[in-house]
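In what follows, a single structure is set out as structure tokens and then discussed.
The values are calculated or read from the model by the stated rules, or taken from the named source; none is laboratory data. This is a predicted model, so every value here is computed, not measured. Heads up, the Cβs are rebuilt from the backbone with ideal geometry, glycines too, and the neighbour counts pull from every protein chain shown.
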Amino acid sequence: MSSFDWQGFLKNWSQDYLTYTQNLDRLDADVVESEWLGFPGASEVQIAAVEARLSISLPPSYREFLKVSNGWRQTTPFIYRILAIEEVEWFAIRHAEWITSFNQKIGPCQALMPLDNLSNGASSGHSVSDAEYFVYGQEQDCSKIRAEYLSACLSISEKGESSIYLLNPRVVNRQQEWEAWFFGDWLPGADRYPSFQSMMEAEHKNFLEMREIL
């Protein structure tokens, strides 16, 4: 089990947001007073019920986040809300038209892959080579995504400014963490991370860098 302190991390993010944002009118008074942008944590029963509905086991860092806060209010100006566990759904079910539109923009669509036969993604025959794809951090090219993975992704946030948080079960590491995407039409493509935790840490850093314009 991860030793990451989600409670402390999210509490700090709440305080940072409430200190620096100029848009507190978007929040209910009780949220501001509580200094907590989150919600009550999800129970193991709630999480297990959704895993059964989706026929998957959710990645560890995302599960631990949900136990601390079942969803989250605005992270950066681009994402308005991380969904409660009961609201998450496959991207292809909730936003099929978005996938079609994106594929039309990037050219002939690569063959979509079925939801079964999940793997670590390190195999031949993909639209982007492993050498180009498995790069994280500042050296990553956000346009080097495998669009064929979109149909397999799980959407875990509301659609924000033409952007959304996704979890990709096609790429799973040894810790059983799914690759996490900040997917946006205007990137174009996705900023990708090896886990939900690493994406949230990066998004908090992005928030701090953008706080002057909030």
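Condition check: touching a helix residue (DSSP H, G or I) at 6+ places or on another chain (Cβ under 8 Å) and touching a residue at least 60 places away in the same chain (Cβ under 8 Å). Does residue 36 satisfy that? Answer is no for this residue.
For residue 56, the criteria (1) in a helix (DSSP H, G or I); (2) aliphatic (A, V, I, L, M); (3) out of contact with any helix residue (DSSP H, G or I) (no Cβ under 6 Å at 6 or more places or on another chain); (4) modelled with pLDDT of 95 or more hold in every case but one, which is (1). A single member of 63, 94 is within 13 Å of the chain's Cα centre (by Cα) and modelled with pLDDT of 95 or more, and it is 63.
Scan the stretch 1-19 for residues that are in a helix (DSSP H, G or I), at pLDDT 95 or above and among the charged types (D, E, K, R) and the total you get is 1. Checked against the criterion of being at pLDDT 90 or above and surrounded by fewer than 13 Cβ atoms within 10 Å (Cβ to Cβ), the stretch 68-81 contains not a single residue that satisfies it. Of the residues in the stretch 10-40, how many are among the acidic types (Asp, Glu) and within 24 Å of the chain's Cα centre (by Cα)? Summing the residues that are among the acidic types (Asp, Glu) and within 24 Å of the chain's Cα centre (by Cα) in the stretch 10-40 gives 2. Contact map, the stretch 185-196: first residue closer than 13 Å to residue 172 by Cα and modelled with pLDDT of 95 or more, second residue aliphatic (A, V, I, L, M) and surrounded by fewer than 19 Cβ atoms within 10 Å (Cβ to Cβ), Cβ cut-off under 7 Å, separation 6 or more or different chains; pairs are 193/202.
For first residues located in the stretch 44-72 and without any contact (Cβ under 8 Å) to a residue 24 or more places away in the chain and over 16 Å from residue 157 (Cα atoms), partners that are buried (at least 20 other Cβ atoms within 10 Å of the Cβ) and not small (Gly, Ala, Ser) and lie 6+ apart or on another chain with Cβ distances below 6 Å form the pairs 51/58.
The set of residues in the stretch 121-161 that are within 24 Å of residue 77 (Cα to Cα) and polar (S, T, N, Q) comprises 138, 140, 143, 155, 157.
Entry remark, the stretch 178-214: residues being more than 16 Å from residue 82 (Cβ to Cβ), outside any strand (DSSP E or B) and in contact with a strand residue (DSSP E or B) (Cβ under 9 Å, 6 or more places away or on another chain) number 4 in total. Within the stretch 26-39, the presence of at least one residue that is buried (at least 19 other Cβ atoms within 10 Å of the Cβ) and either in contact with a Phe, Trp or Tyr (Cβ under 9 Å, 6 or more places away or on another chain) or at positive phi (or both) is confirmed. The selection criterion, being surrounded by 15 or more Cβ atoms within 10 Å (Cβ to Cβ) and either among the small types (Gly, Ala, Ser) or under 22 Å from residue 69 (Cβ atoms) (or both), holds for residue 177. Among the numbered conditions (1) surrounded by fewer than 13 Cβ atoms within 10 Å (Cβ to Cβ); (2) over 25 Å from residue 170 (Cα atoms), the only one that residue 93 does not meet is (2).
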